[in-house]
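Down below is the structure, laid out as structure tokens.
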Amino acid sequence: MLYYVDLDGYKASVHYPVTSMVAIYNVYVEMVRALNASDLIIGVDDSISSYPTYFPELQSKPSVGNRFTPDVEKILALNPDVYFTGTRAYYDGNLEAKLAANGTDIDVVRLPCWEYGMVSQGLLTLGYLLGHEADAYEYLEWHDALLKEITDRVSSVSASDKVTSFQIRANGKTCSHGSGDFEVMELAGSINIADELSGTYPIPDIEWVIEKDPDVIVGAVVAGFYSGTNMTTLQDRYAQIIEMFNITSAVKSGNVHMMAFDITCGPSYLISMLYEAKWFYPDLFNDIDPQAVHQEYIDRFCGGIDLDVSTGAFVL
């Protein structure tokens, strides 16, 4: 038995070794694959079928249903050693009790894949739980070097010269403390205007945003699913944001950018940070190509899939 502290601060344990697992949501599945442990996955959730290009090896795996409300009977039928998911606040907080009530010893593992900017900590813990420590450290070597490169460069920017930033989502929400995206935007060297808002994903008043007048606005949308070059979703939302905030400095200076959620969570989240750092401080990052770094991530940590990110709808 291995013991650890999970995402929600609970003492948890896993029967060791782990020989099979259900992994839900693309970012949790991505964490398993970054550890070179996809062969352990015997079941997924419904969302994985939306990623035939990104997860070709998992398209034939049975689904346990919706990631927020999984079908307990389907989980029991698969009988995995581990069910890998996220925080109880979003992903069926009663799942442990439901499984235990059926007399099973399936371990529910809850680790961060976006929360609080703790992706690397979650991946390292998962590496130990799955017996893939060496793969975890290989990823962390790549991760830490890139993170240091970004933070070292933006550390040269004085507090008075930092750009102000704001993220807007399709549902009108923004990101504040604990969202992961907020922490990424700050690590990329900006001052996120949502710092003063309460809640992880507050809905700000448009007039308030205009009054705060951010230097850079980043729109975050569901687009692409790693499956093509259709930029329509990014382009349509971009036009809406331009109209919504047309008198802000960000719009007037051409500093409105779009990003697909696919690169904001999970082990590839550093790609979003690098794009944002370059948007915030183009002169500081003029020698770095975020797309090339994205391709490196795909080639090194995505199980050998054949994917050219230059054909994808990731940023605008």
Checklist entry - Can you name the residue in the stretch 61-81 that is under 24 Å from the mean Cα position of the chain (by Cα) and polar (S, T, N, Q) and is also surrounded by the most Cβ atoms within 10 Å (Cβ to Cβ) among such residues? => result Ser63
Checklist entry - Out of (1) part of a strand (DSSP E or B); (2) touching a helix residue (DSSP H, G or I) at 6+ places or on another chain (Cβ under 9 Å); (3) aromatic (Phe, Trp, Tyr), what's the single condition that is false for Tyr54? => result (1)
Next on the checklist: Within the stretch 127-140, does at least one residue satisfy the condition of being at pLDDT 95 or above and within 15 Å of the chain's Cα centre (by Cα)?
Outcome noted: no
Checklist entry - Mind checking whether some residue in the stretch 223-234 is surrounded by fewer than 20 Cβ atoms within 10 Å (Cβ to Cβ) and outside any loop (DSSP other than H, G, I, E, B)? => result yes
Item to check | Qualifying residues in the stretch 128-157 (those that are of a type in the set (A, V, I, L, M) and under 23 Å from Asn286 (Cβ atoms)) - the one surrounded by the fewest Cβ atoms within 10 Å (Cβ to Cβ) | outcome: Ala145
Checklist outcome for this item: Picking from Val184, Val218, the residue that is assigned to a strand (DSSP E or B), within 20 Å of Asp289 (Cα to Cα) and under 22 Å from the mean Cα position of the chain (by Cα) would be Val218
Next on the checklist: Condition first: assigned to a loop (DSSP other than H, G, I, E, B) and among the acidic types (Asp, Glu). Now tell me which residues in the stretch 191-206 satisfy that.
Outcome noted: Asp205
Checklist outcome for this item: Of Val29, Val108, the only residue that is in a strand (DSSP E or B) and in contact with a strand residue (DSSP E or B) (Cβ under 9 Å, 6 or more places away or on another chain) is Val108
Item to check | Test: Ala100 is farther than 24 Å from Asp71 by Cβ and out of contact with any His (no Cβ under 6 Å at 6 or more places or on another chain) | outcome: no
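The values are calculated or read from the model by the stated rules, or taken from the named source; none is laboratory data. In this text, all values refer to a predicted model and were calculated from it rather than measured experimentally. Note: ideal-geometry Cβ built from the backbone for every residue, glycine included; neighbour counts use all protein chains shown.
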